[in-house]
Amino acid sequence: MGALKRLMPFTAEQTVNILSEFGPLVLMFIVNAMYGIAAGTWALIISTVVAIVAMLIVLRRLPIFPLIASSVTVVFGGMTIVTKDPMWVQIKVTIFNAMFALFLFGGLWLDRNFFKYVFEKTFHYTKEGWDRFTWSFAWFFVFTAFANEFVRLTFKDEQVYNILSLEMNGIGIWIAFKVALIMPLSAFYAWYLTRIMQRYRMPEEKLLPKALPAPTIGNSSARSGADFEPLGAASNPAARASREAELG
């Protein structure tokens with residue numbers, strides 16, 4: 001079991017989320033190179049639907065953010081197939097990332113931090129830490145939106161380019177840019193921010209319930225039953241579960 005954990009350091013949810021993000025684009029890259037953009041887009045749509053089903057089977061629920069991203073991918077992929085224009089599946093990244101950045105900035109402005117709301121029961125950081133994390137990621141989404149538009153507008157689908165001794169058309173370069181640059185960069189940036197966030201971890205004593213005073217040693221007959229009430233409540237499983245729920 002220890003060897004398996006070393007080889008696969010991610011949880012089931014993390015593994016499904018990573019595969020649902022990487023898998024469809026990698027498959028689209030391969031199929032597009034072999035059969036063209038129409039077949040590549042079909043591969044993207046079908047593999048995205050398979051990823052949604054895998055999330056439901058493995059996690060027994062549909063995580064909100066991956067579900068929204070996958071649904072948008074299917075819609076814009078369908079528009080590419082109908083119009084035979086790869087622009088739709090490409091511009092989806094720009095629109096989605098720009099809108100999500102605005103959503104994060106708006107949440108900070110309204111003091112409704114999205115990441116804090118989603119992850120605060122798993123990761124315990126100060127408000128300053130959550131705000132810095134969200135602010136940084138919002139700007140990262142702005143950067144990826146502009147980078148996506150730069151590549152989309154610079155490399156035309158009808159032209160063939162020689163990149164590192166490989167001949168690729170514009171859509172091939174765009175997919176390679178997503179798979180080989182943006183995805184690893186996103187993973188590294190998330191890891192880097194997670195390391196930075198360690199500075200904002202809440203002290204353990206703020207997360208744990210205050211210790212109850214030990215009962216006074218003395219003549220037990222002189223003490224009433226009410227003296228033991230707090231101790232009894234603390235040892236009650238229902239009371240403890242309620243306390244833990246309040247602490248998150």
What is the list of residues in region 70-89 whose amide nitrogen lies under 18 Å from a point 7 angstrom out from the Cα of Leu185, following Cα to Cβ?
none
For Asn169, the residues 5 or more places away or on another chain with a placed amide H closer than 5 Å to its own amide H are Tyr161
Apportionment of accessible area to carbon and sulfur, region 135-184, percent (1.4 Å)
70
Pull out a ≥ b ≥ c, the square roots of the eigenvalues of the alpha-carbon gyration tensor of region 62-213, then state rounded if a/c is under 1.5, prolate if not and a/b is larger than b/c, and oblate in the remaining case.
prolate
FRET E, pair Ala54, Leu108, Förster distance 51 Å, beta-carbon r, rounded to 0.05:
0.95
Per residue, how much accessible surface does region 20-176 expose to a 1.4 Å probe? Answer in Å², no decimals.
58
Under 5 Å between amide H atoms, partner at least 5 residues away or on a different chain: which partners does Tyr125 have, H built in plane at 1.01 Å?
Met202
Estimate the FRET efficiency between Ala38 and Arg201 by the formula 1/(1 + (r/R0)^6), using the beta-carbon distance for r and 51 Å for R0, to the nearest 0.05.
0.55
If the only charges are +1 at each Lys and Arg Cβ and -1 at each Asp and Glu Cβ, what is the size of the charge dipole of region 47-150 around the Cα centre, to the nearest 20 debye?
320
Full-extension gain between Val74 and Met99, please, as 0.36 nm times their residue separation minus the C-alpha to C-alpha distance.
7.3 nm
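The values are calculated or read from the model by the stated rules, or taken from the named source; none is laboratory data. Small disclaimer: the values here were computed from a predicted structure and weren't measured. Quick reminder, even Gly has a Cβ in these numbers, built from the backbone with ideal geometry, and neighbours come from all protein chains shown. Ligands, DNA and RNA are stripped out before the accessible areas are found, and what is left, the full protein with its side chains, is counted by its heavy atoms. Shrake-Rupley method; radii C 1.70, N 1.55, O 1.52, S 1.80 Å.
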